[in-house]
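**Student:** Would you mind keeping the following structure in view while I ask a few things?
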Amino acid sequence: MIGKQLGQLAIHGGPKSVNTTFPWPIYDETEVQAVASIVRSGQWGNPDCADEVAHFEQAFASYCGSKYAVTCVNGSVSLRLALIACGLRPGDEVIVPPYTFIATASVVLEINCVPVFVDIDPQTYNLDPTHIEAAITSRTKAIIPVHFAGLPCDMDAILDIAQRHNLRVIEDAAHAHGAEYKGRKLGSIGDAGSFSFQSSKNLTSGEGGIVITNDDALYETMNSLRNVGRLPSGQWYDHFNPGCNYRITQLQAVLLSEQLKRLDEQTITRNENGLYLDSLLADIDGITPLSRGEVAIRHCYHLYIVKYDRTKFGQIAKQEFVAMLSAEGVPCSAGYPHPLYKQPVFQQKNFMCYAIPESVDYTQVNCPEAELACAEEAVWIFQQAMLGTRSDMESFAQAIRKIQNARK
């Protein structure tokens, strides 16, 4: 019987459970005409003409409920601008989670500071506030909570810790466009919030980034740093700060302005589909959706993540399960192969010209929940799939049941 059921799996030539395709990005003639108008104008760059860039910055700041927004070339640079503007100095320590994209930690290295890895909450895969204070030293100056997959961190707990220890909080909201925590848009809660517009993101122009803040001084510094150190009061060849040209183009700005008009509707769809998929998976033994917590949130599901238990699937490894699920037509991934501190740059101390103290030794770091998520548990479904129909969500659940039944 097992052999017959295995033969019904798509990976072995059987019919797929999901026959919908999920294109990304989503656009129409509106985006095409917006870009064409910039091309025809001949004013492609910034500062050749910054009107469209300024328009998008104002629109995004307003959307997030923040006073200011500063665009830049990518989400890594937006984090870097925020860290520098917050006054970090060489040797300072920054608390980061190990379950995130490399940029969350590598930008800390780039400003000659030390990433300190604190484990994740196994229920959310976000930075676990209960472990933060044990990692704080006299050199700790900031926390970067990552709203991983678009699920809000426990910002009340993190801000309480930061206030008591006089730490800056820079939200890494690269996954979190449109998501909310207690009625506030993510990115607008800490000292600054950093977003990415890379091609996979929920709001995209192919590449790009932005950082938002309500702090006048932070804004002035970040705005200067992304524009070669210039200040509005100076002349074109006056450079007051050690910045670089991190500006985006008019072409990116008009794309983002049009895409922003779609974001709220798309976020509502993803959130509703995530809740529905949670209900569909609730009775599948061995598949546990991450917790949304007990406070009011809006999840934007840049990723829909479940915890996979191989003992309920005939002991098949996570990678094999993901291959089977992908073959069934579910856009998915096994996620990160290991936590950030296991990356060669940290294990081998490949810090090049960066002034990281010799005493820092990442071979001794151990974050067991992040290790388990990487090696055994975490399965990602991509954000564009969460824009499907309720029928698509049912097909995703059907695909998982099909694999489980075939392995019994």
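The values are calculated or read from the model by the stated rules, or taken from the named source; none is laboratory data. Since the model is a prediction, treat every value here as computed from it, not as a measurement. Don't worry about glycine lacking a Cβ; one is built from the backbone with ideal geometry, like all the others, and counts go over all protein chains shown. Accessible surface is based on the protein model in full, side chains and every heavy atom, while ligands, DNA and RNA are left aside. Shrake-Rupley method; radii C 1.70, N 1.55, O 1.52, S 1.80 Å.
**Student:** If you scale each eigenvalue of the Cα gyration tensor by 5 and take the root, what three semi-axes come out for the stretch 142-218, rounded to whole angstrom and sorted largest first? Could the numbers behind the result be given before it?
**Tutor:** Details: eigenvalues 95, 37, 20 Å².
Equivalent ellipsoid semi-axes, largest first: 22, 14, 10 Å.
**Student:** Apply the a/c threshold of 1.5 to the C-alpha gyration tensor of the stretch 1-142 and tell me whether it is rounded, prolate or oblate.
**Tutor:** Here the stretch 1-142 falls in the oblate category.
**Student:** If you don't mind, there's one more thing I want to ask. Note the per residue figure in Å³ for the convex hull of the C-alpha positions in the stretch 221-293.
**Tutor:** Values: hull volume 13.4 nm³, N = 73.
Dividing the Cα hull volume of the stretch 221-293 by its residue count gives 183 Å³.
**Student:** Of all accessible surface on the chain at a 1.4 Å probe, what whole percent is carbon and sulfur? Intermediate values should be presented prior to the final figure.
**Tutor:** Working: 8670 of 17170 Å².
Within the chain, the accessible surface is 50 percent carbon and sulfur.
**Student:** Hey, which aspartates and glutamates would be in cross-link range of K141, C-alpha to C-alpha under 13 Å, not counting anything within fewer than 8 residues on its own chain?
**Tutor:** Cα-Cα hits under 13 Å: D92, E93, E133, D191.
**Student:** Need one word for the stretch 184-267: rounded, prolate or oblate. Basis is the Cα gyration tensor (sqrt eigenvalues a ≥ b ≥ c); a/c below 1.5 gives rounded, then a/b vs b/c decides. Mind dumping the intermediate values first?
**Tutor:** Details: a/c = 2.68, a/b = 1.59, b/c = 1.69.
Oblate shape, in that a/c is at least 1.5 and b/c is the bigger or equal ratio.
**Student:** Let me ask another. Which aspartates and glutamates have a Cα lying under 18 Å from the Cα of K16, excluding residues fewer than 8 positions away in the same chain?
**Tutor:** Answer for K16, where 18 Å is the Cα cut-off: E320, E328, D392, E394, listed by chain and number.
**Student:** I would also like to ask the following. What does the charge count near P339 come to, summing +1 for each Lys or Arg and -1 for each Asp or Glu among other residues with Cβ under 10 Å from its Cβ?
**Tutor:** Counting the neighbours of P339, the net charge comes to -2.
**Student:** Pairs to check: K312/K342; K201/K318; K318/K408; K67/K185. Give those whose C-alpha atoms are more than 19 Å from each other in this structure.
**Tutor:** K312/K342; K201/K318
**Student:** Moving on. How big is the stretch 176-225 in terms of Cα radius of gyration and Dmax, in angstroms?
**Tutor:** Rg and Dmax of the stretch 176-225, Cα atoms, are 12.0, 32 Å.
**Student:** Okay, moving on. Sticking with the crude label model, points 7 Å out along Cα→Cβ, report the distance from I11 to Y237 in nm, one decimal please.
**Tutor:** According to this spin-label approximation, the distance is 6.4 nm.
**Student:** A follow-up question, please. Remind me, relative contact order of the chain in percent, using alpha carbon pairs under 8 angstrom and six or more residues apart? Don't skip to the end; give the middle numbers.
**Tutor:** Details: 831 pairs, mean separation 91.1, N = 408.
Normalised by residue count, the contact order of the chain is 22 percent.
**Student:** When every alpha-carbon pair in the stretch 213-352 is counted, what percent end up more than 18 Å apart? Intermediate values should be presented prior to the final figure.
**Tutor:** Details: 7380 of 9730 pairs.
Percent of Cα pairs beyond 18 Å in the stretch 213-352: 76.
**Student:** Per residue, how much accessible surface does the chain expose to a 1.4 Å probe? Answer in Å², no decimals. All intermediate terms of the calculation are to be shown ahead of the outcome.
**Tutor:** Working: 17170 Å² over 408 residues.
In whole numbers, the chain has 42 Å² accessible per residue.
**Student:** Treat each spin label as a single point 7 Å out from the Cα along the C-beta direction, and report the Q364 to L275 distance in nm.
**Tutor:** Going from the Q364 label point to the L275 one covers 4.8 nm.
**Student:** Taking the stretch 246-285, how much of its Cα-Cα pair set, in percent, is spaced more than 17 angstrom apart? Don't skip to the end; give the middle numbers.
**Tutor:** Working: 425 of 780 pairs.
That fraction is 54 percent.
**Student:** Another question about this same structure. Work out, step by step, the length gained on full extension between D264 and S62: first 0.36 nm times the residue separation, then minus their alpha carbon distance; give nm to one decimal. List each step's numbers first, then the result.
**Tutor:** Details: separation 202, 0.36 × 202 = 72.72 nm, distance 1.32 nm.
Taking D264 through S62 to full extension adds about 71.4 nm, to one decimal.
**Student:** Taking the simple approach of a point 7 Å from Cα along Cα-to-Cβ for both V295 and E133, what is their distance in nm?
**Tutor:** Distance between label points: 1.7 nm.
**Student:** Going from the alpha-carbon gyration tensor of the stretch 282-321, what semi-axes, largest first and in whole Å, does one get by taking the root of 5 times each eigenvalue? Please list the in-between numbers first.
**Tutor:** On the way: eigenvalues 127, 29, 8 Å².
That gives 25, 12, 6 Å for the three semi-axes.
**Student:** When N counts the residues of the chain, how does its alpha-carbon radius of gyration compare numerically with 2.2 N^0.38 Å, as a ratio? Spell out each step's value before the answer.
**Tutor:** Values: Rg = 22.1 Å, N = 408, 2.2 N^0.38 = 21.6 Å.
With N residues counted in the chain, Rg over 2.2 N^0.38 Å equals 1.02.
**Student:** Another one. Which Rg and Dmax, in Å, describe the Cα atoms of the stretch 91-204?
**Tutor:** Radius of gyration, then largest Cα-Cα span, for the stretch 91-204: 13.1, 39 Å.
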